[in-house]
Amino acid sequence: MLALEEVNPSPFMILDEVDAALDDANVSRYGDLLRRIGARRQLLVITHNHVTMASANALYGVHLDESGRSSLVSVSLRDIQPQPSSRAASA
């Protein structure tokens, strides 16, 4: 399916649980592929896999609290940058 998308690209893609049947090594390769494709078009990826989520620029989800109310949660991963270690800061 992704090979056909390379031949006749669309401006956006929706991928629903494509990684569910993949093993860990192939999920990593799938994440690399998503980053490459995502540089050229918009992707909406529905997944429960944390490795695939790590490939995203933004995460959107629904949180169900203890009272039963649900709320939308969004995180832009571009805004989160790793903190320099104390050793690197002193060097």
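Miscellaneous remarks
- Remark: pairs (first residue in region 8-37, more than 23 Å from ARG78 (Cβ to Cβ) and small (Gly, Ala, Ser); second residue outside any helix (DSSP H, G or I) and modelled with pLDDT of 90 or more; Cβ separation under 9 Å; 6+ apart in sequence or on different chains) = ALA20/THR47; ALA20/HIS48; ALA20/ASN49.
- Criterion violated by VAL27 - all others in (1) surrounded by 10 or more Cβ atoms within 10 Å (Cβ to Cβ); (2) out of contact with any helix residue (DSSP H, G or I) (no Cβ under 6 Å at 6 or more places or on another chain) satisfied: (2)
- Residues in region 59-89 that are surrounded by 10 or more Cβ atoms within 10 Å (Cβ to Cβ) and modelled with pLDDT under 90 were compared, and the one that is farthest from ARG41 (Cα to Cα) is PRO84.
The values are calculated or read from the model by the stated rules, or taken from the named source; none is laboratory data. From a predicted model like this one, the values you see are computed outputs, not experimental measurements. Because the Cβ atoms are built from the backbone with ideal geometry, glycine has one as well, and the counts that use them run over all protein chains shown.
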